[in-house]
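> Input: one structure, supplied below.
The values are calculated or read from the model by the stated rules, or taken from the named source; none is laboratory data. Worth saying up front: this structure is predicted, and the values here are computed from it rather than measured. Neighbour counts run over all protein chains shown; Cβ positions are idealised from the backbone, glycine included. We work out accessible area using only protein heavy atoms, side chains counted, and drop any ligands, DNA or RNA first. Shrake-Rupley method; radii C 1.70, N 1.55, O 1.52, S 1.80 Å.
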Amino acid sequence: MTYLFEKQYYYTSKYFKTTFKKWSSWESQAILSVTMVQFFIILNIIVGIYFTFFPEVKRKFKSYEIIIFLALFFLIDYNNNKLYKGKYDELDKRWGNQLKKKKIIDIIVIVLVIIFSWGFVFINSWIFSRYKN
């Protein structure tokens with residue numbers, strides 16, 4: 001998984017760097033992208049386990065649970081900042097001259113991981129009937 005998140009960081013930071021040339025926080029945006037995907041994967045696992053073991057509970061999350069989720073998000077973001085800050089040049093040396101076919105496959109996998117990590121929030125809610133009144 002670390003390899004996947006390094007690839008995601010590299011390609012998103014490369015995209016932000018080339019798209020927003022005058023904007024200096026492209027690296028922070030790429031780290032935030034990795035953080036969001038990791039957070040949603042963990043959130044989907046927690047919510048899936050919660051809904052599986054407690055299907056009869058039909059309520060919204062309490063405020064302390066939301067605070068725990070926010071603390072988890074900021075902990076992941078802090079960890080990712082320590083891991084990826086200033087690492088773009090190292091990753092560019094490693095993957096900068098990759099074959100075009102391999103690069104396209106990696107980008108497709110990363111886009112699918114991003115879509116599914118966000119999409120599973122809604123899929124979990126649909127599976128466990130959380131949209132019913």
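> Which residue, 46, 110, 75, has the largest displacement toward the positive end of the dipole of the stretch 46-127 when charges sit on each Cβ (Lys, Arg +1; Asp, Glu -1)?
The one lying farthest along the dipole's positive direction is 110.
> Going highest first, how would you order 6-18, 100-112 by mean Cβ packing within 10 Å?
On the way: 6-18: 18.8, 100-112: 12.3.
By packing density, highest mean first, the sequence is 6-18, 100-112.
> Using a cut-off of 13 Å between beta-carbons, work out the net charge of the residues near residue 88 (Lys and Arg +1, Asp and Glu -1, residue 88 not included). Kindly include the intermediate steps, with their values, before the conclusion.
Numbers: positive: 7, 14, 17, 85, 87, 93, 94; negative: 6, 27, 89, 90, 92.
After counting each charged neighbour, the total is +2.
> Still on this structure, please answer the following. Normalising by the residue count of the chain, find the relative contact order in percent from Cα pairs under 8 Å and 6+ residues apart. Mind showing how you got there, number by number?
Values: 73 pairs, mean separation 50.4, N = 133.
Result for the chain is 38 percent.
> Nearest 0.05, what FRET efficiency do residue 121 and residue 99 give at R0 = 30 Å with Cβ-Cβ as r? Intermediate results must be reported in sequence, preceding the final value.
On the way: r = 34 Å, r/R0 = 1.15.
Efficiency for this residue pair is about 0.30.
> Which value, in debye to the nearest 20, gives the size of the charge dipole of the chain about its Cα centre, when Lys and Arg are +1 and Asp and Glu are -1 at the Cβ? Provide the component values of the computation, followed by the final result.
Values: 20 positive and 9 negative charges, 72 e Å.
Computed about the Cα centre, the dipole is about 340 debye.
> Just by accessible area at a 1.4 angstrom probe, what is the order of 26, 118, 95 from largest to smallest? Show your work: numbers first, answer last.
On the way: 26 45, 118 115, 95 15 Å².
I get 118, 26, 95, largest accessible area first.
> With Rg/Rh (Cα atoms, Kirkwood Rh) in mind, check (i) 0.93; (ii) 0.96; (iii) 1.05 and report the label derived from this structure.
Only one option fits the structure, namely (iii).
> Please go through the stretch 17-98 and write out the GluC sites (Glu not before Pro) that DSSP classes as loop and that have at most 10 other C-beta atoms within 10 Å.
Passing sites in the stretch 17-98 are 56.
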